[in-house]
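Encoded as structure tokens, the structure appears first; notes follow it.
The numbers here are math on the coordinates, done by the rules we state, and not lab data. The model shown is predicted, which means the values in this text are computed figures rather than measured ones. Cβ coordinates were reconstructed from backbone atoms using ideal geometry, including for glycine residues, and neighbour counts include every protein chain displayed.
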Amino acid sequence: LLILVDDVYLAFGKLRFRPSGSHGGHNGLLSVSEALGTEFFARLRIGIGAPPAGVERKEFVLDTFTKEEKNKLGPVLDEAAQAALLWVCEPLEKVMQRVNG
């Protein structure tokens with residue numbers, strides 16, 4: 001099982017694979033963990049960047065992308081899709097080395 005999630009702790013467009021871990025305050029990961037009864041599932045975190053000063057995290061995450069972000073989003077999603085395909089075909093450790101750098 002591979003879960004793809006947004007991540008405010010990563011710069012916009014940065015990808016990071018993890019084999020498992022806590023939800024770290026991410027409501028989507030918390031929901032998946034509760035539904036599965038475990039935190040042992042792979043996740044591909046896709047950076048959306050930190051909220052600007054004065055903007056609450058929840059508001060930022062649920063808001064639309066800026067025009068500049070929208071222009072960069074296609075390649076980011078293509079890279080995430082390629083990373084997910086690698087995960088299907090390669091051992092996780094190898095995928096993590098390639099994607100996480």
Per-residue HN-Hα couplings for the stretch 35-47 [Karplus 6.51, -1.76, 1.60; θ = phi - 60°; Hz; x = Gly/Pro] = 5, 8, x, 7, 9, 8, 8, 6, 9, 10, 8, 10, x
ask   = What whole-number value in cubic angstrom gives the convex hull volume per residue for the C-alpha atoms of the chain?
value = 101
Charge dipole of the stretch 1-86 about the Cα centre (unit charges at C-beta), most positive-ward option of L62, Q82, V8 = Q82
task = Could you check which residue among A35, A83, A53 shows the biggest mean-square fluctuation in a GNM of the chain with a 10 Å Cα cutoff?
result = A53
Residue-by-residue Karplus 3J(HN,Hα) for the stretch 56-69, coefficients 6.51, -1.76, 1.60, Hz, glycine and proline x = 5, 4, 4, 4, 4, 5, 8, 7, 7, 6, 6, 4, 4, 5
note = Phi-derived 3J(HN,Hα) across the stretch 4-11 with the Karplus relation (6.51, -1.76, 1.60, θ = phi - 60°), rounded Hz, x for Gly and Pro, is 9, 9, 6, 8, 6, 8, 10, 4
remark   = Only helices counted: for the chain, with every DSSP H run of 4 or more residues adding -39500 (n - 2.57) and the sum spread over all residues, [θ] at 222 nm is -15000 deg cm²/dmol
ask   = What do the square roots of 5 times the Cα gyration tensor eigenvalues come to for the stretch 16-72, in whole Å, largest first, as semi-axes of the equivalent ellipsoid?
value = 26, 14, 9
query = Setting aside same-chain residues fewer than 8 positions from K94, which aspartates and glutamates have a Cα under 20 Å from its Cα?
reply = D78, E79
Extension gain from L85 to D63, taking 0.36 nm per residue of separation minus the Cα-Cα distance = 5.1 nm
